[in-house]
Amino acid sequence: MSSILNKMSLSASAENLSTDAQSCDGGSMCLELALEGERLCKAGDCRAGVAFFQAAIQAGTDDLRTLSAIYSQLGNAYFYLGDYTKAMQYHKHDLTLARTMNDKLGEAKASGNLGNTLKVMGKFNEAIQCCKRHLEISRSLGDRLSEGRALYNLGNVYHAQGKQLGRVGQNDPGHFPQEVRDCLLQAVAYYEENLELMRSLGDRQAMGRACGNLGNTCYLLGDFTRAIRYHTERLRIAQEVGDRAAERRANSNLGNSHIFLGQFENAAEHYKRTLALAEELGDSAVEAQACYSLGNTYTLLREYRIAEEYHARHLSAARKLQDRVGEGRACWSLGNAHAALGNHEKALYYAKEHYNISKELGDVLGMATAQMNIGDLCKVLGLPVDAAPSPPQITPDGKKREGEDKEMVRGESEEGDNPEMFMELVAKCQSDRMDEQRASLDKENRPRKLQRSSSSGNKNPPSENMLEMLNMISSLQSERMDSQRAELRPVTKTGTKPTNKATSLPGLRPLQTTSTRPEDDFMEIIARVQGSRLDDQRSELPAPKPKERPPLDDDFFSLIMRAQSGRMEDQRASIPLKETGNKASNSKK
């Protein structure tokens, strides 16, 4: 967050700054409250910080730069609290004051903050305009650090837009529609420009962030070799600066990229390092995910005993986290591993557990998958098939109910793991993984089974959430600020008699002026300018954006589900296809 003191246009030290502020009518109270709010936010207590900033606004000040700093801090605090509506509101207030004061650097920073907020809200076109304005001003001022931030922010916006567009068709990395590829290529261009600028400035941490995001974007484009190169550099920088969390992310991303190149041993080594770092950092959720990734990687390596051990660890971790979805996945994976090992009784136990958990969660597709597995295992064990639960009826309503159980996830971080569709490789490798145990069915005439998808597959959000999003956007649009508004010159305070005119910006005290005419009041001018803005410059209300796709676990599991669609053909009863066809012909006669 930018400092309150740094944003004020006084050349004195912090002590002198406070002394000068105290000489203003009531200014000291506003400043003291704002500084305490800043301290609390930096200490991680943004909610308490917001309360102090709001109190500062209520105290009021006639110093525009102090007020601009408070708006900026409030916008950032609300952003971290996830209240993007209020974050956007205060960043717009900050942008208004920066333009009014003709503070170009302040306008650049406010535009960047506003662009980041709009990105998280899914309003990508408006976010791009704000970030490009940030870049344009930074270059005109020759501020290379600000230019670097603008380039990085633009890369993030295009990356997020490409990921959102790419989720519609559930495509594999490297097989996205052209509009998605165009967004991702734009992201690469901005990230690379940012990386070169940070190299010239010697900013190693900024270089690391750029490398991480370049690796993620190249991964989505299907350029896994290039992704590995960038993630390797990201790993080297993280180790150099002692950033363990970044080192953990880099190892996870390297594992994902090696999987798609078929380099399973390399992937396993990176996932083991991910697991060790997660344990060191005390991140139980990432530790569980690393165990799950390792279990699936050793399945690809056909080392089912090791796979079973990691999936058992995943199950234990999921239970400690009270993650019922994770428990269901672990039971499903353990059932598969035990089936591959010939432990059919244990496989049946875990298949039934998977069914019960899916039923509890209202996961219709998970129930159907578990029911088919139970039926297969009952046949292998010679148990009556009637013992298996009847398959649920999969209807559009059922799918909708399943989607309603899923929770919205937080917005994309600057540089997160890129786990998208890791286990697509499982689909390609698993189809023949148990040939030695298969029954003698003619593969060419084998009936095709219904493809099964994940119990955590992504669904479009229900209509209630869409309405919620529309209401939120509607409230945001009512107070938006066009970048083309008239720029106001700062008004000089010359008198001592305050006016009683209401102001449109919270926390701004009426300016003191020698004029008795209300139109000379600073905020009256803003009111007159704002009231006459052109409607044709308004942005249109965007369509409601779909829910963010859940990270890592959900994509991971979805692809394994598809992979396993033919995994137990060997255990099915032998069906004489020719005879069945004759019976069908006779019945028609």
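Overview of results
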| read-out | value |
| --- | --- |
| Accessible-area order (highest first, 1.4 angstrom probe) of the listed residues Arg324, Arg234 | Arg324, Arg234 |
| Spatial separation of Cα centroids for the stretch 175-241 and the stretch 57-80, in angstrom | 34 |
| Virtual paramagnetic centre 7 Å along Cα→Cβ of Glu196, amide N under 20 Å, in the stretch 108-151 | 132, 135-151 |
| Cα-projected label distance for Asp83 with Asn125, points at 7 Å along beta-carbon direction, nm | 3.0 |
| Calculated FRET value between Gln263 and Gln58, using beta carbons and R₀ = 51 Å, to 0.05 | 0.25 |
| Linear extension gain, Glu360 paired with Ala43, 0.36 nm per residue minus alpha-carbon span | 110.0 nm |
| Val241-Leu383 FRET efficiency (beta carbon distance; Förster radius 35 Å; 0.05 resolution) | 0.05 |
| Net length gained if the chain between Glu136 and Tyr349 were fully extended (0.36 nm per residue, minus Cα distance) | 70.4 nm |
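The values are calculated or read from the model by the stated rules, or taken from the named source; none is laboratory data. Everything quoted here is computed from the prediction, not taken from an experiment. FYI the Cβ positions are ideal-geometry reconstructions off the backbone, even for glycines, and counts take in every protein chain you see. All accessible areas refer to the heavy atoms of the entire protein, side chains included, with ligands and DNA or RNA removed. Shrake-Rupley method; radii C 1.70, N 1.55, O 1.52, S 1.80 Å.
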